[in-house]
Amino acid sequence: MRIILNLILFLCTAWAYIGCFHDENGWRLQRGLGVLRFFTVQSNLLCGFASLAILISLPVKGEIPHWIWLWKYIGTAAVTVTLNTVLIFLGPAAGYKRLLSGRDLYLHLIGPLLAIVSFCFCERIYPLSFPLALTGLLPVILYGALYFYKVMLCSGEKRWEDFYGYNRNGKWPISCVAMLIGGALVCTALWGLYRL
């Protein structure tokens, strides 16, 4: 089951990301590279490549090295943040139909759920202490810093539009605290689920 789930995670993530290079005008490199600014894409790629690392390590080493296991956990936490952000914050504002259709159905819902099942039930190899579980906050912190820099501090072509709406009405401090609390709750939930 571990191999099957990780294979599905990697192949479906690769399919979803490769599809981002194509639109009604054909295949465009710039479009595929442009979607890398979204946390959704970054978190799914992080988790997908962790699944690939597991698939490679099993036949080579016969087991999953601790650092790859931790990588998979951090990737799982990241896609779980994506799932909750869509369900709680973005869905009501942008509409669930748009966010849960096509490739986004996998990136926003199916992929994260598969990652949770895979890590919490099929990869119980090492102990997951609560302090170690908080390493799942790293993607949120790093992406948050990048988003703040690109939206608030950059100018001209390097600037990102506030596509997540975190600075709507100048409320970025509230959004920042909410994402950190939400990320910590995700880590706590995964920690509890892993220990069941």
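The values are calculated or read from the model by the stated rules, or taken from the named source; none is laboratory data. Here the structure is a predicted model, which means the values were calculated and not measured. Glycine also receives a Cβ, built like all others from the backbone with ideal geometry; neighbour counts cover every protein chain displayed. Side chains included, ligands, DNA and RNA excluded: accessible areas come from the protein's heavy atoms. Shrake-Rupley method; radii C 1.70, N 1.55, O 1.52, S 1.80 Å.
Conditions first: (1) at pLDDT 90 or above; (2) open to solvent by 70 Å² or more (accessible area, probe 1.4 Å); (3) assigned to a helix (DSSP H, G or I); (4) not hydrophobic (A, V, I, L, M, F, W, C). HIS108 passes all but one, so which condition is the exception?
Unmet for HIS108, out of (1) at pLDDT 90 or above; (2) open to solvent by 70 Å² or more (accessible area, probe 1.4 Å); (3) assigned to a helix (DSSP H, G or I); (4) not hydrophobic (A, V, I, L, M, F, W, C): (2).
Determine, yes or no, whether LEU137 is in contact (Cβ under 8 Å) with a residue 24 or more places away in the chain and of a type outside the set (Gly, Ala, Ser).
Against the criterion (in contact (Cβ under 8 Å) with a residue 24 or more places away in the chain and of a type outside the set (Gly, Ala, Ser)), LEU137 qualifies.
Specify the residue that is nearest to PRO173 (Cα to Cα); the eligible residues are those in the range 121-134 that are free of Cβ contacts under 8 Å to residues at least 24 places away in the same chain and assigned to a helix (DSSP H, G or I).
Of everything passing the filter in the range 121-134, PRO131 is nearest to PRO173 (Cα to Cα).
Kindly establish whether PHE163 is in a loop (DSSP other than H, G, I, E, B), open to solvent by 40 Å² or more (accessible area, probe 1.4 Å) and modelled with pLDDT under 95.
Yes, satisfied.
So if I check each of SER175, SER101, which one is small (Gly, Ala, Ser), without any contact (Cβ under 8 Å) to a residue 40 or more places away in the chain and assigned to a loop (DSSP other than H, G, I, E, B)?
After applying the criteria, what remains is SER101.
If you check THR188, THR82, which single one turns out to be modelled with pLDDT of 95 or more, surrounded by fewer than 15 Cβ atoms within 10 Å (Cβ to Cβ) and among the polar types (S, T, N, Q)?
That would be THR188, the only listed residue that is modelled with pLDDT of 95 or more, surrounded by fewer than 15 Cβ atoms within 10 Å (Cβ to Cβ) and among the polar types (S, T, N, Q).
Examine the range 57-64 for a residue that is surrounded by 19 or more Cβ atoms within 10 Å (Cβ to Cβ) and either more than 13 Å from the chain's Cα centre (by Cα) or without any contact (Cβ under 8 Å) to a residue 12 or more places away in the chain (or both), and state whether such a residue exists.
yes
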